[in-house]
1. If one computes the Cα centroid of region 10-62 and of region 101-141, what distance in Å separates the two points?
2. Remind me, relative contact order of region 121-209 in percent, using alpha carbon pairs under 8 angstrom and six or more residues apart?
3. Taking the C-alpha atoms of the chain, how large are the radius of gyration and the largest Cα-Cα span, Dmax, in Å?
4. Largest first and to the nearest Å, give the Cα extent of region 179-226 along each principal axis.
5. Using the Kirkwood formula on the Cα atoms of region 97-186, what hydrodynamic radius do you get, in angstrom to one decimal?
6. Quick one: P(r) of region 107-147 from all Cα-Cα pairs, 10 Å bins, percents rounded to integers, in order of increasing distance.
Amino acid sequence: MKRKRKYKRVLLKVSGEGFGDESGRGIEFERFSALAKEIREVSGTGVELAIVVGGGNILRGAKLGSNCRSRVQADQVGMIATAVNALLLQDVLEGLSVNTRVVSAIEIKNVTKPFVLRDCLQYLTEKDVVIFAGGTGNPYFTTDTAAALRAIEINADVMLKATQVDGVYTDDPLKNTSAKLYKKLTYMDVLGKRLGVMDLTAISLSMENKLPIIVFNINKRENIMNAIFGKPVGTYIGE
C-alpha cells in the first residue's frame with residue numbers, strides 16, 4: 001500500500017554548518033551530494049519543497065560584525081555566503097536531474113533570481129525545488145527568521161529544521177551526556193525555557209502564524225522523508 005504524505009508543501013532549513021566539515025567550517029562537497037540525493041528522493045514523492053540555506057560554514061555576519069566597523073555590511077557579506085551554498089546545492093541537484101530555482105532576497109544579477117513571491121509559488125506548483133538565499137535581505141536577522149518568514153509567505157504546512165543533533169534537548173547533548181531529548185514542545189515551552197533551538201523572532205513568528213516546526217538530525221538518512229510522511233522524527237514544536 002502506497003504511503004500517504006502528511007505534508008504537501010514543506011520548508012527545509014539547512015544551516016551552513018550542514019555543508020561544512022566536522023567543525024562546521026568550509027565546503028565539503030560530500031555533504032552537498034548526500035543532501036541532494038535525499039532531496040531528489042523527497043521531490044520524487046510530489047511534495048512541494050523549498051529550502052533556506054545558511055552561510056555559517058563560510059562566515060557568520062554576526063560574528064564578523066564584532067570585528068568590522070559596520071555590522072550592517074558584515075551581515076550583507078553573510079547574506080552573500082548563503083548564496084554560495086545555494087548555488088552549489090543547485091548545481092549538485094541539477095546534476096541529479098532535479099529542477100531547481102535559486103531565489104535571493106539580495107540582488108545578484110545574472111546569477112540568481114530575485115525574490116518575488118508570486119513567482120516562487122508558481123515554481124513550487126510546477127514541482128521545482130526552490131532554494132532561498134540572502135536571508136531576509138535585511139541585516140540583524142538570522143536565517144532561522146528568514147526560514148520562518150519564507151515558510152509563512154509560501155503557506156508551508158511545516159518547517160523542517162535540520163541540525164547536527166537528534167532534536168531539542170534539555171541541555172547541549174554534545175557537552176552534557178545526561179541531556180534529555182524532548183519529543184514535543186509548545187512554542188511557549190521554547191520561549192519560556194529559552195532552549196535556543198531558534199532565535200526568539202523565528203519562534204514568535206511561527207507561533208503567531210501557527211507554523212509547526214520539526215527539529216531533526218540531518219546526518220541520519222531518511223529523516224526528511226520520514227518527517228514528510230508523518231513518522232515521528234526529532235522534536236515537534238507546535239501549539
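Computed from the coordinates by the stated procedures, all read-outs in this text should not be read as laboratory data. These figures come from a predicted structure and were not determined experimentally.
1. The distance from the Cα centre of region 10-62 to that of region 101-141 comes to 16 Å.
2. Contact order relative to length: 27 percent.
3. 16.8, 60
4. Principal-axis extents of region 179-226 (Cα, largest first): 31, 27, 16 Å.
5. The Cα-based Kirkwood calculation yields 15.4 Å.
6. Bins of 10 Å from zero give 27, 50, 23, 1 percent of pairs.
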